[in-house]
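K.L.:
My questions all concern the structure below.
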């Protein structure tokens, strides 16, 4: 894991009014924010990149753009892949429902709960759906750098 780099903002930035701050291109801001590491008590707190990797893997498997998977749009061809990604994010990470909701652009955790129930119910009655979710989980667990310390036999706590 790379060592965090310290940055310091000019003290005038802290006192600046919103209209006094320079406009920054969205792409520059995303690049900068992607390089930040949160530091608490001088110990780096690793950012959870696993949800992003799950989102990317599911989007690739269903041949949809990652931006579609996390967008506010809800067309039918995106709903099932998004629900799978939410389900696997809950199963494979220690993130709260609220944290997962934020990663998917939901306003609160209730949509995450709906996705968890929808996938669980569909897997119970549809062997093809169950196989699809199991295959996605297996593929994600094989990604380099993924070591979450659980097995697929562990139950999902809803």
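The values are calculated or read from the model by the stated rules, or taken from the named source; none is laboratory data. This one's a predicted model, so the numbers in the text were calculated from it and none came from an experiment. As a convention, Cβ positions derive from the backbone with ideal geometry for all residues, glycine included, and neighbour counts pool all protein chains shown.
K.L.:
Quickly run through segment 97-117 and pick out the residues that are over 11 Å from the mean Cα position of the chain (by Cα) and assigned to a loop (DSSP other than H, G, I, E, B).
P.N.:
Correct list: 106, 107, 108, 109.
K.L.:
Look through segment 99-120, keep the residues that are crowded, with 18+ Cβ neighbours inside 10 Å and under 17 Å from residue 72 (Cα atoms), and return whichever of them is modelled with the lowest pLDDT.
P.N.:
106
K.L.:
I'd like the full set of residues that are surrounded by fewer than 11 Cβ atoms within 10 Å (Cβ to Cβ) and more than 22 Å from the chain's Cα centre (by Cα), limited to segment 121-140.
P.N.:
Once the filter is applied, which keeps residues that are surrounded by fewer than 11 Cβ atoms within 10 Å (Cβ to Cβ) and more than 22 Å from the chain's Cα centre (by Cα), segment 121-140 yields 124, 125, 127, 128.
K.L.:
Suppose we filter segment 64-93 for residues that are assigned to a loop (DSSP other than H, G, I, E, B) and either touching a helix residue (DSSP H, G or I) at 6+ places or on another chain (Cβ under 9 Å) or free of Cβ contacts under 8 Å to residues at least 24 places away in the same chain (or both); how many remain?
P.N.:
8
Residues checked against (1) surrounded by fewer than 11 Cβ atoms within 10 Å (Cβ to Cβ); (2) in the same structural domain as residue 130 (by TED's automatic domain parsing); (3) at pLDDT 90 or above:
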position	(1), (2), (3)
25	yes, no, no
39	no, no, no
57	no, yes, yes
60	no, yes, yes
70	no, yes, no
75	yes, yes, no
97	no, yes, yes
